[in-house]
Structures are given as C-alpha cells and as structure tokens.
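K.L.:
Sharing a structure below in structure tokens format, with a few things to ask.
The values are calculated or read from the model by the stated rules, or taken from the named source; none is laboratory data. Source: prediction; values computed, not measured. When we count neighbours, we look across all protein chains shown, and the Cβ atoms used for this are built from the backbone with ideal geometry, even at glycine.
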Amino acid sequence: MEWSRILTQVLGELVAPTTAAYALAAIGLNLHFGYTGLLNMGQAGFMLLGAYGFAIASMHGASVVVALLVAIACGAVFAAVLGIPTLKLRGDYLAIVTISAAEIIRMVGRSTMFDDWTGGSSGLRGDQYTAGFQALSPLPDGRTTIGPLTYLNNGFDSWWLRLVAWGVVALAVVFVLLVTRSPWGRVLKGIREDEDAVRALGKNVFAYKMQALVLGGVMGALAGVLYTLPRSVQPDGMGRSMTFFVWTVLLLGGAATLFGPVLGSMLFFALYMLLRAGMRVALPDGFVSATQIEQIGGMLVGVTLMALVIFRPQGILGNRKELAFDVR
Amino acid sequence: MSAEMSSPTTAVEAAAAAAADPASAEAVQVARDLTFVEPRVGVAKPDAVLVVDGVQRRFGGMTAVDVDHLEVQRGAITALIGPNGAGKTTLFNLLTGFDTPNQGSWTFDGRSLAGRSGAAVARAGMVRTFQLTKALSRLTVLQNMLLATPRHPGERLGLSWLPFLWRAREREATEKALEILARFKLDAKKDDFAGALSGGQRKLLEMARALMTDPTVIMLDEPMAGVNPALVQSLLGHVQALRDEGMTVVFVEHDMHAVRHISDWVVVMAEGRIVAEGPPGTVMQDQAVVDAYLGAHHDTDLGDDALLDPAVLARLEAEATGRQSAPETDHQEEQR
Amino acid sequence: MTADRPTCRPRAGTRGRRLLIFLAALAAPALLAVAPAQAATAATDATTAAAAAAACRPDDATACVAVLVLGAENARVPDAQATITGPGGFTADVTTAADAVAAVAVPQPGTYTVELDPATLPDDAPLPDGAATTVEVTAQTGSTARAAFRVGEAAAAPAPSATASGLASGSGSGSGSGSASSAAPGGTAADDAGGAASEGDAATGSITPAQVWQQLGSGLRFGLLLALASVGLSLIYGTTGLSSFSHGEQVTLGALMAFVTINAWGLHPVLGGIVTVAVCAATGWLQDAGIWRPLRRRGTPLTQLMIVTIGLSITLQFLIQLVIGGGSQRILTSNPRPVTVGPFTLTEASWWAMGIALVVILGIAAFLTRTRIGRATRAVSDNPALASATGIDPHRIVRIVWVMSAGLAGLAGMLLGIVFGSFNWMMGMQMLLLMFAATTLGGLGTAYGALVGSIVIGLVVELSNLVLPSDLRYASALVILILVLLVRPQGILGRRERIG
C-alpha cells in the first residue's frame, strides 16, 4: 500500500508540469550545447526572466498571448545581450558570462530595489498572474482520473496545465526535429565540431551561434513560464542549482539526441521521487529527517551527474561516436 | 646540402616539360605567361588575382609577417615555401581573414579584402584549408561536403523547418558532392563519420569540401603534411587537376621536393619576409634562398661553416637591403 | 611558434582599476534601473530604508535585528508587537510601523529568536493557520538580520522548510513562513544571495568620505581574501585548462573545517587554522589522485571535466548541508573587537585575516618566481608539451597545484567565515562566481591577474554598497565582469590569444 502510493507518486512525476518544464528547458539547452556546442550555464536565468516577463505582463493587464510574447522577447533579448560579447570568444567565456548573468537576474529579481515589480525575495504568487491562463481552459470543472492519477481539470495543478505543458514540449520536439535535420542544423553541428572550418567555408559562424542561442534561450524562457504556472515566481528557487539540474536532465537523456531531454527529464524526476519517497518509507522512523532526505537526494544527483559524464557521456539515447563533447 | 638543388631546370625547360605532359593547354599557357616574368621579389604578374601590399603582422616585439608587395597569378599554382616559423601560415591567416594585420591592404579580383571576416573572404571566392585538418569528425563525409554548399536556402533558420523550400537545392548539392567525392575516391566512404578517415583521406576530404564552394582561389595550408607518402603523389595530382580546371592554387609547404614538380611559381619566405620568388627551378638555384632558407631552418646542421662566413653574411645583408629599401631589423630567434 | 610578450605595463592595471570603479558606480544603476517609474519606487524604498537605518544603524561593531510583518501585496502591517530574545538574557520588545522597519541593536552577534504576538495583528490579517510565531535569525555585526512574518488570507501555505530557515538565518532577511516551496529539486535546493553578507546597507542619503574610506577598507579586505581563493582557481585553469566549479565548495569546506576545529573542538584559532588548511590541502590531493588524474589519463575532454566539477560541486554542497544544516554557523564565538588604523575601522580578526592573506599571497608569488617547482608550474601553464619535453613531470606539477589550491581555498574560506562573522553552506557558491569574475578580469590562467582581478572585485563589491542596495553588491561585480569582457576579453593582464 505504501509502495503502491509511491509508485503512483512516481507515475505522477512522469507527467507533472515541472517535468515538462525541465524537458523544455533541456530541449533549449540541447540546441545550445548538444547541437552547437555552446556552454550555456545560465539556463535558469532564461527561465526566471521568462517567468518574470510572463507574470509581470499578466499582472499589468496583458492577455496570455501578449504575456507569452513578452516572455519570448525577454529570452531573446537576454540571449542577444549575452551573445554579443561572448560568442566570438572561447567557449568558457560564454559559460562564465551566462552563469553570472543568470545570477544577476536572480539578484536583481530578489532585490528590494524592484520590489513593486518582482515582489523581492518572496517573489510573485501564482494567483497574481495565472488567471488569464486558467480562463483559457476548455475543460469542464471537476476531477478526472486517468489510470491511477487523479487531478483537477482546471486550476493550479491541473490536467489543463499538463495538457498545455506537454503540448508545448511536443511542439518543441517537432520543431527541433525539423531544424536539426535541415542544412541549418548541419551548420550548427559543423560549428560544434570546429567553427574555424565552417568559417572557412563561408558561413557566418557568429550569426548561426546567435540564432541557436536565441532559439534555445526562448525555449528556456517558455520553460520558465511552464515551471511557474503551477506555483509562484521564486527567484531563489531558480538559481544555479536549477541550471545544473537541467544539465543533468540533458546529459542523462543524451545530448544531441531528439528525445534525450524529454526522456531525461521524465527519468530524472521519476527516479528522484522514487529515491526520496523510497528513503522515507524504507528507512526507520527518526533515522533521517525530511530535510536530510532532500539533502541526500541532492547529493545523489551530484554523484549521478559525475558518474554519467565520466562513464556514459552520451547519455541513455546518445551515440558514442556522435558525442556532443568536444574532443579537442 | 645542395643535392636537391642541383638539377638546373630553367623556366623554359619547365614550360617545355609541362607541354610534354599531356596536361591541358591552359596549364601550358600559364607556364608560358610566367616564363617571361622576371624572378624578382614583388614583381608584377600578367594577370594577378591576388595583390598584397605592405601587410605587416607583429606579435609583441616580433614581426611575424612583413610583406611589401606580392602578386599571385590567376590560374597558376603558386607555392609559398619557407622554413618553419617563416610566417607562411600567418600570412595565409591574414589573407583569408583568420587574423588581422597591424597594417596593409590586399585585393582579390580587384576588390579589397582587408578587414573582411574569414567567412566573407570565403564567400568572395577564396577558400582555404588548414594545416591540421579540420575534417568535422562527427559529421559524415557527405555531410561534410554538403556543409560547404554555398547559398543554401535550407541554411537560413527561417526556411530550415520547411523542407519543401530547399529540397531541390539539397538534391542538386548532393549530386555535386557525390561527383566530387568520386573524383577524390571518397564516394565509398560517404556515410562514414569523417573522424574515421585516415590522415590523407581527411586532407582529400578537406580539399573536396573546399571545391564545393566553387572557389576562384583555393589556398592549401601544407596539404602534404602528415600524409602517407604513398598518397602524396595522388594528392599532388589533385592539386594539378584543380589548376587545370582553371582554379588558382596557392599552397604552403616547407618541403621543397613536393613543390618543384607541380608549382608554376614559388614564393620563398623567411623570417616574415619574402626573400625570393620565381619559377621553381630558378628560385631553388638562388644561393640567397638556399642560405636564407636553411639559415633559419630548425634542423640545419649548425656546423655548416658557410653560415658563419662573414663574407656570406655580408653578401646576404647587401642583397636584403638591395631588394628592400627598408633597413634590415633585428629578428629575434624566438621561434619554437 | 613565437613566444608572445605581455605588452601591458603594470600601470595599465591601476588605471584600469580606477576606470572600473568608476564604471561600477555609473553603469550598474544605469543597466539595472530601466523605467522612470521604477526609479521613482526605488527612491521611495531608499527613504524607508533610511528610516529603518535610523532606528538601528549596523556598523562594524553593531548588529541589528529587524522585524517585518508583511500583509497582502507585501505591505507592512503596523502596530504588531514582537519580542526579540537572544544570548546573554537579551530581550527587547518592538512594535512595527507602516513606514519603517522596526529594528533594534543587539549587544552581540548570535542567534536571536523573534516571537510575534498574534493578538496584536489586525483582525483582517491574522497569522495563517499553523504558521510559526517564532523565527530564528542570526545577527552579525555590520548587518541587519530581518525576521519577516507573512500574514493575511493571501499568505501561502506556511511551512517554514529547512530552506526557508536557511534563508532566514543565512541572508539576514528571511521569511518566517515561506510561500509554498515546490517539490521540485530546483525549489528545495534554492540558492540565495547574501548568504555570506557582512556589511550593512549603506545606501542611505549622501555619501560621506568616512563611508568611502570604510568601504575601501572592506573592499581591500574582501579583495585580498578573495585573491587567496582565486589564485588557486587560476592556477588550476592555467595548468590544466579546467574551470573548476567545485572550487567554491573547497572554500566552504575551509569554513566548515574551521568551524569544526575552532568552534566545536575548541582549538586555538592558529592550531585550528593549521588543521583546516592541512585537511583542505589533503582533499585537493585526494581529488587529483581519485578523480582528475585518472580522467586526464583517459584523455577526457575539458568540457566533460568541467561538468564533472559541477557534479562534484552539487555533491559537496549537499554534503556540507548535511553536516552543518541549512543555517549559518560561527567560527569564532567571541565578540569581534573593532580596531581603527588610519581611516579604516575593521574588526581585529579582519586585520589578522588581511595580514595572513597578504603574507600568503607574497609567499605564493615568491614560490612561483623563485623556486624550481614554482617556475615549473609556470612553465606547465605556458606550454605543457614543451615543459614535459624539458624534463618537468606535468602530472606532478598538477598534483602540487591541486593540493595548493585546495589549501588556499580552505584558508580563504576560514578567513572569510571569520571576517564575515558567520558562514553557511552557500558561501563558497557565492564566492565562486566572484572568483570567476576575478580570474577572468585579471586574465584567465595568470596568477597575478587573479590577484589584481580579486582586488578589483573586492573594491567593486564594497564600493557599490555606497550607491546600491546591499543585496545587489555581488550583481554589480558580475556586471563589471560582463562589461570588461566587452572591451578587453583577455582581461586586464591577459594576453590576446593567437589564432592559427
């Protein structure tokens, strides 16, 4: 009974909106890192900015569509601002700048200076900006049970949200499929391998990298919207750890693969839930506290990331020969 | 040390040899064009495709490249030779937009290329290869080739996700790629990852890939370096074939053997400057070249008395100042 | 082919630094404040902050505890009463006001309990069911620890999780009843700014010369301590090409070890310091022997290695949390004693820390230039292949570098923990970005560059306090980093990379 409850929880994680949000963020990161070789260490910054864009626009009376456009614009502008100084430099500069910029966004977001807009460190409550989104739902009110999973049709943690979140993920997968199988995607892969060679063939490498950065960044921004729809915009919940978890998700599934990010996200959250719930049940009462379980869970994520990168850098779906890591 | 320089092939003889060769008439024409060109540094060519003026590149206190004037004949194979550290690759990088000179200008087909990016230079029709091959190892051989397709609509992000807009162009490019691959005998490997090719095959692939862009000038950086000797001959054949198709070939090489058989014109660099140019036979006879070339060569026998002879040094210096009005500056031996 | 020569004269560094400070003062607000409307609200905020500071103004010898009761829309709820109790039998009653933060000066740093009297809350804004009426905060000299209570219907499910309590004590501005924290790992592993915050909010009214001197002193102090840590990061980058993301945790580890040896075991600070540095250096050895060397042998690409350091960083972060919990800890339990030298007033421990940092940095400089191993280290940084051809064993040098950097990071962590009054598990993580900024600013992979960059960053962080709210101090340093990359990507002392 205890275990069947855990199994239901694990199953729930597979379809959770958060899982979809991470999958989308990882799809964006996959465009950056997997296909183009850009070391974006600030995906959480894109997500947070997108979330702020959507939430603040909604709170100031924008419709859902306009708010989404604002979120997209936030991601695109952020990518452009970061890309201009760094895309002509060596890869690790981009890493340092993106991680720093993501931190700046978070610090500014939680600062008392912009309290009226961002709500400071306590953030923005979900009900302040999700009304428009909830109103779009065509589903009748009530609960629906599919298999062992029961959720409200509408509301914060609802089927409607799940439907939209996974719909967006599916669209993103199709889009990535199309662009990466195209000659455009070929140029990106060429850049990942050796940008000088591609430049010598007459391609404007900077422009391609910028396009990839913006595209992946916009996906990150949308992922941020998805992530915050079922909860609140919390700057401190969207910091470096989030970026690193997105990386873990991507590398788990397999960089430079189409379904890697989606599989990685599902697996990551399912295992993470299994681990924590399992520990809670399996370990005797009082042996570890709830907080400690979270911490042990976090440690295991770190160890998994290390082991993954060392022993199976291509992830679950990847092809070792077409590994996304540079060999230089 | 002079064994390899001993056969006194004159330009005329070279032209005759070329004529005897069942090569195209065009090649003979080029050789003839250059026959009457005086073998002198900075000499004007009958039909120059690339003209370099006063290009300098300094790294800290060291002048890596200092070229007063250089013209490259259209439709000819020009070899750029010189010892390691002579600045050949740096000059290459400068001309192809991969490095920026401290000063100087150069024109390609009458248009100035100074300040243009590497990509812009390539689009203008001057395509280069690299000393250390840059085969994109985790792309297949065919993908490597297709990547070089110029003006491909599918490479524009806005159109890329609408395959029907670019499928025709892709098919056309694939046909062309297979044709070129067949010529370089790489067609059997078209679906292999480029990383799985041998060193020589990668050189070939790089050359084939450059051809996909329909270049006017193809710049090869040490095409023979690290290639299995058995393959060198076929590589040289390919280089000649490019010329015979009307392309201008400029290549960097530090091995003189390879150069003399295929090049129409040889430019010798040492310590950043051009010290001599002329048809291969003439240039290699030039005592100044031999001395300058070997004087800076890292594997020179330092016991060679000629190099220490004050008279030789004085003559070299006189020649240097005579050729170039600027006084010779101190060059540091900081090469590694 | 050709050895580059650094073309920078040392003067350029100083001039650049001055320029940077200037830029920091100018550019950061310009970048951050966008709309005039926002600027206006910022101004009102500044006035309220000033009013709060009037009640209790934190400086190097004073710690403040403030109580905030927030209703709907983050409005301050007036006339709520709370009691602050703390070590030494300290008690104080405070009443909140609508236009100011109720703050009192507390006699000594330490953990204070703030208990809200629910009966004094307005009827329309009661404490949510099950919300805690007490919050623990850690007061530190030079800062205001804020205990915040969220009240009213709109307050989200009150569940002061470990994270929330970590925020409360770590940053000095926590919330007693955190809003619904998510079950997602991103939510539970929330990071936080200001975990190692020290100096108070100086963004009040006009800037006096005394304040400038004070911030300069703090900036130099921070810069020197940061340099200790960044030199190691820079050496690792120089010799192996690796940007080590776990270097931050090495710093936290130093603070942790110092806490264990000095606070928990009661060792003399000098002895504790020696043990700390030794243990930290040992972790460097272990890491290189256990992870990095085998991976180098396998020829693992650098990007991959970098992600391994991220994994290691996550692991260590949670391990450290497991050991010391989410709250902050103090290394020295005694009260800090302010000592004034010239225009600078800093704690006695700060002066010691600066002295130690300076001596150690000079020691490293001597090591790198005078000793055979030091010169070999620089040779490996320059060109590993050439170095190994001349009989230097790069693996041995890299091993030494790891041991040294881990030891230095540990020392830096200990000193930072002492100087800031307390530390928590996030300290290193926050320092890491500043270290990256410092090394990038100075020129990646050059030890001297790391020193110069660190001092710049230290000064920027502390001086930006004069014009910006203190929660943006680290942000200003990162803005500077990005600006410098725009202008001079090779850093202040770095040299341009050659292509081809």
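For (1) part of a helix (DSSP H, G or I); (2) of a type outside the set (D, E, K, R); (3) within 18 Å of the chain's Cα centre (by Cα); (4) facing another protein chain (nearest Cβ under 9 Å), each residue gets a yes or a no:
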{"position": "B:116", "(1), (2), (3), (4)": "no, no, no, no"}
{"position": "B:127", "(1), (2), (3), (4)": "no, yes, yes, yes"}
{"position": "B:134", "(1), (2), (3), (4)": "no, no, yes, yes"}
{"position": "B:144", "(1), (2), (3), (4)": "yes, yes, no, yes"}
{"position": "B:174", "(1), (2), (3), (4)": "yes, yes, no, no"}
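K.L.:
Oh, and also: Considering only region A:97-138, how many residues are in contact with a Ser or Thr (Cβ under 7 Å, 6 or more places away or on another chain), part of a helix (DSSP H, G or I) and basic (Lys, Arg)?
P.N.:
1
K.L.:
I would also like to ask the following. Before we move on, is residue A:224 at pLDDT 95 or above, within 11 Å of chain C (Cβ to nearest Cβ) and surrounded by 24 or more Cβ atoms within 10 Å (Cβ to Cβ)?
P.N.:
So residue A:224 passes the test.
K.L.:
Return yes or no: is residue B:35 within 14 Å of chain C (Cβ to nearest Cβ), surrounded by fewer than 18 Cβ atoms within 10 Å (Cβ to Cβ) and in contact with a helix residue (DSSP H, G or I) (Cβ under 8 Å, 6 or more places away or on another chain)?
P.N.:
Judged against the criteria, residue B:35 is not a match.
K.L.:
What about residue B:99, is it surrounded by fewer than 24 Cβ atoms within 10 Å (Cβ to Cβ) and either part of a loop (DSSP other than H, G, I, E, B) or without any contact (Cβ under 8 Å) to a residue 40 or more places away in the chain (or both)?
P.N.:
Here the answer is yes, as residue B:99 does meet what is asked.
K.L.:
Anything in region A:244-267 that is among the aromatic types (Phe, Trp, Tyr) and more than 14 Å from chain C (Cβ to nearest Cβ)? List them, or say none. Break it down stepwise before answering.
P.N.:
Step one: list which residues in region A:244-267 are among the aromatic types (Phe, Trp, Tyr), which gives A:244-245, A:247, A:259.
Answer for region A:244-267, where residues must be among the aromatic types (Phe, Trp, Tyr) and more than 14 Å from chain C (Cβ to nearest Cβ): just A:259.
K.L.:
Among C:62, C:44, C:138, which is at pLDDT below 75, touching a helix residue (DSSP H, G or I) at 6+ places or on another chain (Cβ under 6 Å) and not aliphatic (A, V, I, L, M)?
P.N.:
C:138
K.L.:
Next question, about the same structure. If we scan region C:442-460, do we find a residue that is modelled with pLDDT under 85, within 11 Å of chain A (Cβ to nearest Cβ), over 14 Å from the mean Cα position of the chain (by Cα) and buried (at least 24 other Cβ atoms within 10 Å of the Cβ)?
P.N.:
Yes: one or more hits.
K.L.:
Hey, residue A:278 hits all of (1) buried (at least 24 other Cβ atoms within 10 Å of the Cβ); (2) in a helix (DSSP H, G or I); (3) of a type outside the set (Phe, Trp, Tyr) but one; which does it fall short on?
P.N.:
Against the list (1) buried (at least 24 other Cβ atoms within 10 Å of the Cβ); (2) in a helix (DSSP H, G or I); (3) of a type outside the set (Phe, Trp, Tyr), residue A:278 comes up short only on (1).
K.L.:
Among A:209, A:203, which is more than 10 Å from chain B (Cβ to nearest Cβ) and out of contact with any Phe, Trp or Tyr (no Cβ under 8 Å at 6 or more places or on another chain)?
P.N.:
A:209
K.L.:
Find the residue count for region A:65-100, including only residues that are modelled with pLDDT under 95 and β-branched (Val, Ile, Thr).
P.N.:
7
K.L.:
Exactly one of these conditions fails for residue B:91: (1) part of a strand (DSSP E or B); (2) modelled with pLDDT of 90 or more. Give me its number.
P.N.:
If we test residue B:91 against (1) part of a strand (DSSP E or B); (2) modelled with pLDDT of 90 or more, just (1) comes out false.
K.L.:
Right, another one. Within region C:351-393, which residues are at pLDDT below 90 and either touching a strand residue (DSSP E or B) at 6+ places or on another chain (Cβ under 8 Å) or charged (D, E, K, R) (or both)?
P.N.:
C:370, C:372, C:375, C:378, C:382, C:393
K.L.:
Scan region A:164-182 for residues that are crowded, with 23+ Cβ neighbours inside 10 Å and at the interface with chain B (Cβ under 8 Å from one of its Cβ atoms) and jot them down.
P.N.:
Within region A:164-182, just A:182 meets the criteria.
K.L.:
Just give me the residues in region A:299-319 being part of a loop (DSSP other than H, G, I, E, B), buried (at least 19 other Cβ atoms within 10 Å of the Cβ) and more than 7 Å from every other protein chain (Cβ to nearest Cβ), in sequence order. Give the steps one after another, and end with the answer.
P.N.:
Taking region A:299-319 and keeping what is part of a loop (DSSP other than H, G, I, E, B), we get A:312-319.
Retained after the next criterion (residues that are buried (at least 19 other Cβ atoms within 10 Å of the Cβ)): A:313-315, A:318.
Result: A:314, A:315, A:318.
K.L.:
Of the residues that make up region A:142-152, is at least one touching a Phe, Trp or Tyr at 6+ places or on another chain (Cβ under 9 Å) and modelled with pLDDT of 95 or more?
P.N.:
no
K.L.:
Using the structure shown, decide if residue C:390 is polar (S, T, N, Q) and either crowded, with 24+ Cβ neighbours inside 10 Å or within 11 Å of the chain's Cα centre (by Cα) (or both).
P.N.:
Answer is no for this residue.
K.L.:
Pairs needed: first member in region B:106-122, of a type in the set (S, T, N, Q); second member anywhere, surrounded by 15 or more Cβ atoms within 10 Å (Cβ to Cβ); C-beta distance under 6 Å; at least 6 residues apart or different chains.
P.N.:
Correct list of pairs: B:107/B:51; B:117/B:97.
K.L.:
Can you pull out every residue in region B:146-155 that is assigned to a helix (DSSP H, G or I) and hydrophobic (A, V, I, L, M, F, W, C)?
P.N.:
Within region B:146-155, B:146, B:147 qualify.
K.L.:
Name the single residue, out of those in region A:22-56 being within 12 Å of chain C (Cβ to nearest Cβ) and in contact with a strand residue (DSSP E or B) (Cβ under 8 Å, 6 or more places away or on another chain), that is nearest to residue A:321 (Cα to Cα).
P.N.:
So, considering only residues that are within 12 Å of chain C (Cβ to nearest Cβ) and in contact with a strand residue (DSSP E or B) (Cβ under 8 Å, 6 or more places away or on another chain), the one nearest to residue A:321 (Cα to Cα) is A:48.
K.L.:
So, one more: Limited to region C:461-471, what total is found for residues that are among the polar types (S, T, N, Q) and under 13 Å from the mean Cα position of the chain (by Cα)? Quick ask: steps written out before the conclusion?
P.N.:
Of the residues in region C:461-471, the ones among the polar types (S, T, N, Q) are C:464-465, C:470.
Adding the requirement that they be under 13 Å from the mean Cα position of the chain (by Cα) leaves C:470.
Of the residues in region C:461-471, 1 are among the polar types (S, T, N, Q) and under 13 Å from the mean Cα position of the chain (by Cα).
K.L.:
Which numbered condition trips up residue A:155, out of (1) at positive phi; (2) assigned to a helix (DSSP H, G or I); (3) not aliphatic (A, V, I, L, M)?
P.N.:
(2)
K.L.:
Restricting to region A:268-298, name every residue that is charged (D, E, K, R) and within 8 Å of chain C (Cβ to nearest Cβ).
P.N.:
Scanning region A:268-298 gives a single hit, A:294.
K.L.:
Do the conditions hold for residue B:104, that is, is it in a loop (DSSP other than H, G, I, E, B) and at positive phi?
P.N.:
Criteria not met by residue B:104.
K.L.:
Now a separate question. Name the residue that is nearest to the other protein chains (Cβ to nearest Cβ), counting only residues in region C:316-352 that are in contact (Cβ under 8 Å) with a residue 12 or more places away in the chain and of a type in the set (Ser, Thr, Tyr).
P.N.:
C:328
K.L.:
Quick one: in region C:272-315, of everything that is part of a helix (DSSP H, G or I) and hydroxyl-bearing (Ser, Thr, Tyr), which residue is nearest to the other protein chains (Cβ to nearest Cβ)? Before the answer, list the steps.
P.N.:
Of all residues in region C:272-315, those part of a helix (DSSP H, G or I) come to C:272-298, C:302-315.
This time we only want the ones that are hydroxyl-bearing (Ser, Thr, Tyr), so: C:276, C:283, C:303, C:309, C:313, C:315.
Working: C:276: 22, C:283: 15, C:303: 5, C:309: 9, C:313: 7, C:315: 3 Å.
Here the residue is C:315.
K.L.:
Somewhere in region B:219-240, is a residue crowded, with 20+ Cβ neighbours inside 10 Å, within 20 Å of residue B:173 (Cα to Cα) and at pLDDT 90 or above?
P.N.:
Looking through region B:219-240, none of the residues is crowded, with 20+ Cβ neighbours inside 10 Å, within 20 Å of residue B:173 (Cα to Cα) and at pLDDT 90 or above.
K.L.:
Report whether or not residue C:499 is β-branched (Val, Ile, Thr) and modelled with pLDDT under 85.
P.N.:
yes
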